[in-house]
Every structure is written in structure tokens, then in C-alpha cells.
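A short write-up of the structure that comes next.
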Amino acid sequence: MLGVLSHRTYRHLFLAQVIALLGTGLATVALGLLAYDLAGEQAGAVLGTALAIKMVAYVAIAPVAGAFAERLPRRTLLVALDVVRAGVALILPFVTEVWQVYILIFLLQAASASFTPTFQATIPDILPDEKEYTNALSLSRLAYDLENLISPTLAAVALAFVSFHALFLGTVVGFLASALLVVSVLLPSPKPTDRRGIYDRTTRGSRIYLATPRLRGLLAICLSVAAGGAMVIVNTVVLVQGALGLDQRAVALALAAFGGGSMIAALTLPRLLDRFADRTVMLTGVLALALGLAVGPLISSFEALMAIWLCLGVGYSVAQTPSGRLLRRSAKPGDRAAVFAAHFALSHACWLLTYPFAGWFGAVVGLAPTFLVLSGTALAGLLLAFRLWPADDSDVIEHTHDDLPPDDPHLQEGHHLGRHRHAHIFMIDNLHHEWPRER
């Protein structure tokens, strides 16, 4: 897996991702302390609102950013967004009102909603080999999981010597270091083949996404992933400190079990994807999520919680890590930024549903019913994905162009099979507006 780091451009981008993630992790800890400093016992409500603002920014901004990303040099765009994020983090320690936090969080997350899909769409252009790209996806998953473990530890060490305001400085340094690493390499910026209006560019990624069967299946998988992830992120502290009566250290250990399961899966995924189809692997991960949530009401000890959280971590990573492979297969280079942005927005729309449900339903009705409803949600996502994503998911598809003259040059591409019929690697584009129906 680590062999992919021999590519200088990818190595620099990966390091930029890791450093920026660590900075973001420090900001997450600092933001919680800032919320308590400003709102006291209402800090939970402040953080809940900030989290909702984050999801709204992701859902609303990513498609628009994806529309304009194809018109701008990627390196310039990524560096500018890192600088914006660093500027917002620099201001956060000086806020004195809760509403100021909300505005700055929206700006920070709007920049992230523009940065992340553009960054993700760049990697397959740098690593065209599928095996190398798969290894890069697994490394990226590991980076996210390690951030969940390392950032709180760094924050705890730092807080022994400085106030929480200084943690935001670490975030600033992380974003600026990320910008410097991006500046140090040349990035490909594929151009669209034709000019389009703003509406067409804004909606193009979503139209390609929703017209592609495997991506419709991926969206159903994202709903299952959000169901499992929301239960862990929102209710771990409630289970550990409330139901089991343990301390904050136990909360950290439980989250570490979830992250550890995800890391184990990320390390084994490249070999699994060499032997099994993406669909088989990802649906198996969703099944693990649904089963893990289903046995959640049986938790009666910390050891049981750790085991279930480990299972959920494995399912979480297995279900979502290969998604970049599907996105790359489903869009031409000029459309990738828009499609990655559409996935970013649509997948976070699932989180926008499951985050508040996991919190409010758990508080009002109880954790056992919440486990069961979210398990049912994950299972529904599994059944939808199974139905929407065909088992025979071939790249080369035979199809007909009744709207083209028999001598149109496009009909000579791939394998020509008659007057209006041929077969080639199929993607939704200007000549292919709908997925061919099975004959």
C-alpha cells in the first residue's frame, strides 16, 4: 500500500491532507471548549447547531463549487481555499458571541466543501492505475482514522501547557502547511470539452450521479453508513458515561475501537478488492453495519460496547472507502470535479438526516429503539443498493443512438454493431443522457 507514496505529487498531496486533518481535529476540540466558554450548559446546543450548519454548508456549497472548479486551475483553487480556512481559524479565538461562531463555522465549512471534492477529483488524474488508486483510497481512510486518534491526544498534551485558544493556532499552521505542500507540485486540471451555463454546470454532477445505476446504489450505501456513523459519533458519550457510568477515558477508548476497526478494514481492502467486486465488498460492509446496530440494544458491559464498535468500524470503512473507484469509473475527466462534488453533497445530506435523528430520538425515546431504527435504516439502504446497483455492472455496454445519423463518427467508436448500435465504456455525458435499459 505504501508504494503509492513513491509518486512525488501524490506524496505531497497526501501529506497535505494529513496535516490539514490534524489541524481540523485540533479545531474540533477547541470549538467544543469555546462553545462551553461562551454558552456554559448550553454548549451542547451550540455544538449541535454548528454541526447542522456544517452539513448545510456541505450540501449547499459543494455542487456550486464543483461547477466552478472545472474552470479554475486546481492548484490555485486548493491553495486559496487553504488560506481562507487558515484565516477563519485565526479569527475564531477572538469571537465573543455565539452568532459569530455560527458565521465563521459556515465560512470554514463552505471552504472545506469546495476543497474536499476538488482534492478528491485530482487524485485519480494523478494515479490512473486502478490498483494504485485503490491503495490511495485506503491510505486516505487511514488518515481520517488516525486523525480521530491522534488529534485528541495532541490537544490533551497541548492543553497541559496552553489555553484552548492556542489550539486554533495549530489549525492555522496545519492549513498553511497544506497550502505550501500543494504549491510544491504541479496538478492536472482537465478542461470540459464544451462551455456550459451556470445552471448546467451546477446541476451536471448531480444529473450524472443520479442517472448512473452504480452511483444510485452508492447513495443508498451512504445512507447506511450515515446511520451507523451517526449512532457512534452522537451517542458514544451517552452510552459510556450515561448508561455504563464510566469516565471520559472510556469514551476515548470506545471511539478508538471504532477507529481501530476502520483502520483494520482499510489495511485489508486493497487485497479484498483484488479478489472481489466493489459491489460485493461494499454491500458486505453495509450488512456488518446493520447487524452491529441490531445487537446494540444488548450492550450491558463496556467490553460488549467495544466489540460492537469495532464491528461498526469495520463495516463503516468497508462500505464507503471504495466509493472513489465508482466515481472515477462513472465520469469523464472533465466531469469528475462535478461528480465528486455531487457525491460530497448527497452523501452529507444523508448525515443531515441521521445526525439529528440519532441525537433527538435517542434523548426522547431511548437508545435501544434508536439502535433498532438506525439498524432498519442501514438495512433499507442495503436493500436499495442491492436493487439499484446491478450485479452485472460492466463498463462496456451495448446501446443504441436513434438520434444520430448512421454515418456519425461517434457510432464508429468502440465496437460498431449496426446502423445505430455500438458498444463502448459507457458514462453519462452529452451524447448519453440515460443509462441503457436491459434488453
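Would you mind telling me which numbered condition in (1) in contact with a helix residue (DSSP H, G or I) (Cβ under 9 Å, 6 or more places away or on another chain); (2) surrounded by fewer than 13 Cβ atoms within 10 Å (Cβ to Cβ) PHE371 fails?
Going through the list (1) in contact with a helix residue (DSSP H, G or I) (Cβ under 9 Å, 6 or more places away or on another chain); (2) surrounded by fewer than 13 Cβ atoms within 10 Å (Cβ to Cβ), PHE371 breaks only (2).
If I ask for residues that are β-branched (Val, Ile, Thr), assigned to a helix (DSSP H, G or I), modelled with pLDDT of 85 or more and surrounded by fewer than 20 Cβ atoms within 10 Å (Cβ to Cβ), which ones from the range 94-125 would you list?
Once the filter is applied, which keeps residues that are β-branched (Val, Ile, Thr), assigned to a helix (DSSP H, G or I), modelled with pLDDT of 85 or more and surrounded by fewer than 20 Cβ atoms within 10 Å (Cβ to Cβ), the range 94-125 yields only ILE103.
Sort out for me the helices (runs of 4 or more DSSP H) sitting completely within the range 268-340 that have 2 or more residues that are among the β-branched types (Val, Ile, Thr).
278-294, 302-320
Is there a residue in the range 386-396 that is in contact (Cβ under 8 Å) with a residue 40 or more places away in the chain, surrounded by 15 or more Cβ atoms within 10 Å (Cβ to Cβ) and not in a loop (DSSP other than H, G, I, E, B)?
Yes, the conditions are met somewhere in the range 386-396.
Checking ILE428 against (1) outside the structural domain of VAL237 (by TED's automatic domain parsing); (2) over 29 Å from ALA57 (Cβ atoms): exactly one of these is not met. Which one?
ILE428 satisfies all of (1) outside the structural domain of VAL237 (by TED's automatic domain parsing); (2) over 29 Å from ALA57 (Cβ atoms) except (2).
Which one of these is farther than 14 Å from SER224 by Cβ and not charged (D, E, K, R): LEU383, LEU353, LEU372?
LEU372
Listed residues ALA256, ALA290, ALA307; which is modelled with pLDDT under 90 and of a type in the set (Gly, Ala, Ser)?
Of ALA256, ALA290, ALA307, the one residue that is modelled with pLDDT under 90 and of a type in the set (Gly, Ala, Ser) is ALA256.
The values are calculated or read from the model by the stated rules, or taken from the named source; none is laboratory data. Computed from a predicted model, the values in this text were never measured in an experiment. FYI the Cβ positions are ideal-geometry reconstructions off the backbone, even for glycines, and counts take in every protein chain you see.
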